[in-house]
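Step one of this worksheet: look at the structure below.
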Amino acid sequence: MDPRLTRYETPVSDELIQEIWEMWQKVPEDVGIGSDISMLSGHLTNRTRSEDRKLLYVARVDGVVAGTSMIWISGRDPVLCEFGLPATAAEFRRKGIGQALFDAPVSDFKEMGGEAIFLGTNHVNAGRTYFRAGYRKLVASITHVRVLSGVSPEEYFVEFFRGLGPASVFPGETTDRTSAVPLVHSAHDWQVMDANMSTLSRRYFVHRGFAGQVGRYIGLLDDENATFFAARAGDRQKVVGLSSAKLGDDGVCSVDGFTHNNYGDRWVPLIEAAIEWGRSRGAASFRATVSVEDYEKRDLFAAQGFQEAGPADDFFLDGVWLKLQPNGRPVGALRLVRA
Ligand SMILES: CC(C)(COP(=O)(O)OP(=O)(O)OC[C@H]1O[C@@H](n2cnc3c(N)ncnc32)[C@H](O)[C@@H]1OP(=O)(O)O)[C@@H](O)C(=O)NCCC(=O)NCCS
């Protein structure tokens with residue numbers, strides 16, 4: 001490891017957290033660290049994401065903290081991890097510190113038998129540093145994946161789902177977070193994978209965020225009026241399908257979900273699990289929203305007793321908003337209801 005770096009395993013001391021927070025005040029870009037120390041200290045004390053193993057990298061110059069990075073190693077599937085907390089304080093840039101902070105977790109994780117590291121970035125400068133550390137950007141997404149075998153992220157995601165055997169449906173857990181990354185970021189044939197969660201397929205829509213894509217599901221576990229279910233397969237309990245349920249103030253429960261193409265047979269059990277949860281919370285009826293062009297999903301909902309109940313707000317696909325102008329196409333949506 002670069003002699004300027006020290007590796008820590010969380011939880012770390014309050015003194016170190018304070019030093020790191022002070023360093024982050026000297027990072028001019030917004031990298032989502034939050035406006036006070038609580039988010040940082042949550043991760044570094046293990047108050048947040050206690051299910052994962054966290055390795056923190058701290059760079060120092062003459063004893064002063066100059067930069068950080070961290071990996072969150074999945075508690076369920078420790079060959080997968082997420083990279084974050086990456087920055088060098090402005091005054092210490094262009095000295096190779098960032099590269100060292102991005103490279104060290106890659107070589108450590110490789111040595112530990114790791115398989116893939118995930119992250120998201122909109123930052124052009126960081127993108128170059130990531131590329132040199134071996135990360136490759138996923139098509140139509142800001143997600144970058146460092147596949148330690150060297151294959152492309154797309155190839156890795158295809159292989160990830162091969163030969164897993166049958167899947168079963170379970171209540172969602174926090175450890176689904178990293179396990180669900182390949183599923184949520186695989187290009188799905190359906191335009192709208194889960195309307196409840198604004199999960200759109202990157203085959204039709206450019207993903208502008210990373211952590212929130214699965215993080216939104218995990219967030220439901222803190223909401224007493226919502227939840228999610230996961231279909232999992234194989235020894236590693238890989239997530240091959242997701243469904244969500246949200247109980248509205250009107251007593252109607254919104255449900256939706258999707259599976260990997262290999263696990264279409266799990267869609268009905270996932271939706272039924274969401275409906276059953278809604279019923280147990282007193283929901284009298286259920287609703288869903290689908291793209292008019294997701295013919296297969298419309299048929300599946302119809303077979304589950306959902307009926308069309310008029311238009312919903314359009315989905316916006318195949319493009320981006322250029323200032324206020326949409327450069328893409330609105331696709332009609334349908335409201336579905338089931339008593
Ligand atoms: C991305 C970031 C971490 C890089 O930090 P850094 O310490 O400056 O990184 P490095 O010094 O390794 O590399 C930066 C550049 O300096 C160059 N460099 C490295 N050593 C150098 C030296 N001794 N002299 C001159 N240039 C040098 C590198 O070649 C690199 O060039 P390029 O990226 O323009 O092609 C930093 O810009 C940063 O904190 N950005 C804001 C936070 C951010 O975007 N984080 C990622 C969010 S996902």
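Read-outs throughout are calculated quantities, based only on the coordinates presented, and are distinct from any laboratory measurement. Note that this is a predicted model, so its numbers are computed, not measured. Note that each Cβ is placed from the backbone with ideal geometry, even for glycine, and that neighbours are counted across all protein chains shown.
Observations, loosely collected:
- Unique residue being closer than 23 Å to residue 266 by Cα, surrounded by fewer than 19 Cβ atoms within 10 Å (Cβ to Cβ), over 17 Å from the mean Cα position of the chain (by Cα) and acidic (Asp, Glu) when the list is 250, 223, 235: 235
- The set of residues in the stretch 6-24 being among the acidic types (Asp, Glu), more than 19 Å from residue 92 (Cα to Cα) and in contact (Cβ under 8 Å) with a residue 12 or more places away in the chain consists of 9, 14.
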